[in-house]
Amino acid sequence: MALTRDFKETIRARVERDPKFRKELLREGIACMLGGDIATAKTIFRDYINATVGFTGFAEATHIPSKNLMRM
């Protein structure tokens, strides 16, 4: 059986090359949050942030320490 890439690497690569996927990933996170599935929403948002600006960049943009953002 062939080895597969790490899931986070796969998400990151897809987000970088497909703007529609990036938009839908964010939309899915929002839909989960509004639907009350907070755990899934957090997971999706974490993947989205890691695949786009990263927590360090997000912390700089929001002026919130990255450790606090990761715990949210």
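In nm, give the distance between the simple-model label positions of residue 31 and residue 9, each being 7 Å from the Cα along the Cα-to-Cβ direction.
Calculated label separation equals 2.9 nm.
What trypsin sites (Lys or Arg not before Pro) does the chain have in DSSP loop regions with at most 11 other beta carbons within 10 Å?
Here the trypsin sites (Lys or Arg not before Pro) that fit, given the DSSP loop and packing criteria, are 5.
Per residue, how large is the accessible surface of the chain? Use a 1.4 angstrom probe and give square angstrom. Each step should come with its number before you reach the end.
On the way: 5520 Å² over 72 residues.
I get 77 Å² per residue for this part.
Among the lysines, select those whose C-alpha is under 27 Å from the C-alpha of residue 20, and discard any that sit fewer than 8 residues away in the same chain.
Excluding near neighbours in sequence, the set is 8, 42.
For residue 38, what is the net charge nearby, where nearby means another residue's Cβ is under 14 Å from its Cβ and Lys, Arg count +1, Asp, Glu -1?
Result for the neighbourhood of residue 38: +1.
How big is the shadow of the Cα convex hull of the chain, averaged over all directions, in nm²?
About 6.0 nm², averaged over all directions.
If Lys and Arg each add +1 and Asp and Glu each add -1, what is the summed charge of the other residues whose beta carbon sits under 13 Å from the beta carbon of residue 29?
Value of the local net charge: +1.
The values are calculated or read from the model by the stated rules, or taken from the named source; none is laboratory data. All figures in this text were calculated on a predicted structure; none of them were measured in a lab. For neighbour counting, all protein chains shown are included, and Cβ atoms are generated from backbone atoms with ideal geometry for every residue, glycine included. All accessible areas refer to the heavy atoms of the entire protein, side chains included, with ligands and DNA or RNA removed. Shrake-Rupley method; radii C 1.70, N 1.55, O 1.52, S 1.80 Å.
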